[in-house]
1. I want to check the label-to-label distance for K134 and K161. Put each point 7 Å from Cα in the C-beta direction and report it in nm to one decimal.
2. Local charge sum around V149 (other residues, Cβ-Cβ under 15 Å, Lys/Arg +1, Asp/Glu -1)?
3. Can you tally the net charge around T195? Count Lys and Arg as +1, Asp and Glu as -1, for every other residue whose Cβ sits under 14 Å from the Cβ of T195.
4. Give me the net charge of K45's neighbourhood, meaning all other residues with Cβ under 11 Å from the Cβ of K45; Lys, Arg count +1, Asp, Glu -1.
5. Which order do peptides 26-32, 179-185, 148-154, 168-174 fall in by mean Cβ count within 10 Å, highest first?
6. Hey, with R₀ at 30 Å, roughly what FRET efficiency would V184 and S55 work out to, going by the Cβ-Cβ distance, to 0.05?
7. Could you work out the Rg to Rh ratio of segment 20-186, with Rh taken as the Kirkwood radius (inverse of the mean 1/r over all Cα pairs)?
Amino acid sequence: MSSLNLPPLPPSAPPVNSRFWPAVARGILRLSGWRLHGEFPDLPKLIVIGAPHSSYWDGFWGLVMKIAAGVNIGIMIKREVVEGPLGVILRPIGMIPINRGAATDVVGQMVERFAAHEKMWLGITPEGTRKPVKRWKSGFMRIAQDANVPILPLFIDYPSKSFTLGTPFYTTGDADADMAAIQVQFQPYQGKYRTAALVK
C-alpha cells in the first residue's frame, strides 16, 4: 500500500485520545485513495470549515481523515446520541454533545466551550445543507468572532480525492466582507455533486 504522507500534528493542536481508531482510519484511507494536503497550523484553538458539502460521504471521509491524522476536531452532535450506548465510541473521536433544548443557543454553547478548554478545534460545514446555496450560514463566523479564534478553510475535492488545508483566517468585525473573502476561496473545488456555494 502507498504511504499516506499525512502532515505532522503540531504541539498546539489537540490530539485524538485513541491509538486504535487512527490505525483503523489510516487503513481505510490507504484502500480508498483519499489524501490530505497542506499543513496543520500550530494553534490551540480554531474553527475548521469544510466545503463544498454536497453528500453524506463528505462527513464520512472527513471523519476518517481527521482520525487518521490524529487531530481532535470536534463535531457537534445531539447530546442524547453521545449520552447513549454510542457515546463510548463517539466521545474518543471528538463528538461534542449539544443541548438543543437549552436556553443558550448553539453559538453560545460553543463560545463557552472554547473559553473552558486550553485546546479546541471545532469542525463545521458552513453551507449548512447539501443543497446549493448562495449564502453560507453565519454561525461559524459568530462563534469565531465571539470566541476570538481563527477560521481554517478545508477544501474538499472529489476529482482528486483530496482534502486541502488552507491558511487560518482572522475575522475583522466586518461580517459581510469576511464571509465573501472566505467563501470565494472554495469555488475552484468540486464536491461529489457540485462546486461550493457561489458568492453574491
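Computed from the coordinates by the stated procedures, all read-outs in this text should not be read as laboratory data. As the structure is a computational prediction, the values presented were derived from the model and not from experiment. Because the Cβ atoms are built from the backbone with ideal geometry, glycine has one as well, and the counts that use them run over all protein chains shown.
1. Placing both labels 7 Å beyond Cα along the Cβ direction yields 3.7 nm.
2. -1
3. Once positives and negatives cancel, what remains is +2.
4. Net local charge, K45 excluded: +1.
5. Those peptides, ordered most packed to least, come out 148-154, 179-185, 26-32, 168-174.
6. Approximately 0.85, to the nearest 0.05.
7. Computed over Cα atoms, the ratio is 0.94.
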